[in-house]
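For reference, the structure discussed in these notes is given below.
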Amino acid sequence: MYFSGQGVPQDYAESADWYGKAAEGGDAQAQAQLGFAYEYGGRGVPKDAARGQALLLQAASQGLPIAESVAGYNFLSGTGTSADYGQAHVWLEKAAKAGEPSAATNLGSMYCRGDGVQKDEAACVSWYKQAAQLGSRPGQLLLADAYR
């Protein structure tokens, strides 16, 4: 409510405080929302990508696909953590199998480039195809490029 200002004045700091309480109680959605806030900063919390990644991993460990996807991407890019292709693959694959389009796109790119995995064009195209079917525009473009 405080984040979007529904029924109350918009207040990012108050929103972050309530997300923090829920996150401490183990709520995966709250952990993810607070993780996103810390990753980008300016939404009631300072930018702290490492803290954001830690919260995203808590949510991912509970099986929240969007958190798995973003945590995996963070391992791929080294955002808030050291780059780790093995961990990137683990989290992106979980999220992609759960239907997260951006995870399927990023996993496809790992196979196309051979980032931490054996380069595999069939796997690359397969993940891009899944991403495209799930509505990912980057996945659609990358699939078209792979066929080209």
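When the chain is modelled as a GNM with alpha-carbon springs shorter than 10 Å, which of GLY35, GLY52, GLY44 fluctuates the most? Top of the fluctuation ranking is GLY44. In sequence order, segment 62-67 has phi-based couplings of 8, x, 7, x, 5, 5 Hz under the Karplus curve 6.51 cos²θ - 1.76 cosθ + 1.60, θ = phi - 60°, and Gly or Pro positions carry x.
With a 1.4 Å probe rolled over the protein heavy atoms of all chains, the accessible area of GLU14, GLU39, GLU121 falls in the order GLU121, GLU14, GLU39, largest first. Distance between the pseudo-spin-label points of GLN6 and SER77 (7 Å out from Cα toward the beta carbon): 2.7 nm. Stretching GLU24 away from GLN133 to a fully extended chain increases their span by 35.6 nm, per 0.36 nm per residue minus the current alpha-carbon distance. Taking Cβ atoms as reference points and 12 Å as the exclusive limit, the residues near CYS112 contribute a net charge of -2, counting Lys and Arg as +1 and Asp and Glu as -1. Net charge in the neighbourhood of LYS97 (other residues with Cβ under 15 Å of its Cβ; Lys, Arg +1, Asp, Glu -1) is -1.
Calculate how steeply helix 49-61 sits against the longest principal axis of the alpha-carbon atoms of the chain, using the helix alpha-carbon long axis, and give the answer as 0 to 90 degrees to the nearest 10. It works out to around 80 degrees.
Residue separation of ARG148 and SER126 scaled by 0.36 nm, minus their Cα-Cα distance, works out to 6.4 nm of gained length. The candidates LYS94, LYS119, arranged from most to least accessible area with a 1.4 Å probe in the full protein assembly, appear as LYS119, LYS94. Largest first, the residues ASP115, ASP84 sort by 1.4 Å accessible area into ASP84, ASP115.
Taking all protein chains as they are arranged and a probe of 1.4 Å, the heavy atoms of LEU64 leave approximately 30 Å² accessible to solvent.
Across ALA23, ALA67, ALA103, mean-square fluctuation computed from a Gaussian network of the chain (C-alpha pairs under 10 Å connected) peaks at ALA23. Using the alpha-carbon atoms, what tilt in degrees (0 to 90, nearest 10) does helix 121-133 show relative to the longest principal axis of the chain? Value to nearest ten degrees: 50. The structure-derived value of Cα extents along the principal axes in Å appears in the list (1) 51, 30, 23; (2) 45, 32, 30; (3) 39, 35, 31 under the label (1). Charge tally for PHE75 (other residues, Cβ to Cβ under 14 Å; Lys, Arg +1; Asp, Glu -1): -4.
Our coupling estimate for segment 20-33, obtained by passing each phi through the Karplus curve with A = 6.51, B = -1.76, C = 1.60 and θ = phi - 60°, is x, 5, 5, 5, 4, x, x, 6, 5, 4, 5, 4, 5, 4 Hz, Gly and Pro reported as x.
The values are calculated or read from the model by the stated rules, or taken from the named source; none is laboratory data. None of these values were measured; they are calculated from a predicted model. Every residue, glycine as well, gets a Cβ built from its backbone with ideal geometry; the counts of neighbours run over all protein chains shown. Accessible surface areas use protein heavy atoms only, side chains included; no ligands, DNA or RNA. Shrake-Rupley method; radii C 1.70, N 1.55, O 1.52, S 1.80 Å.
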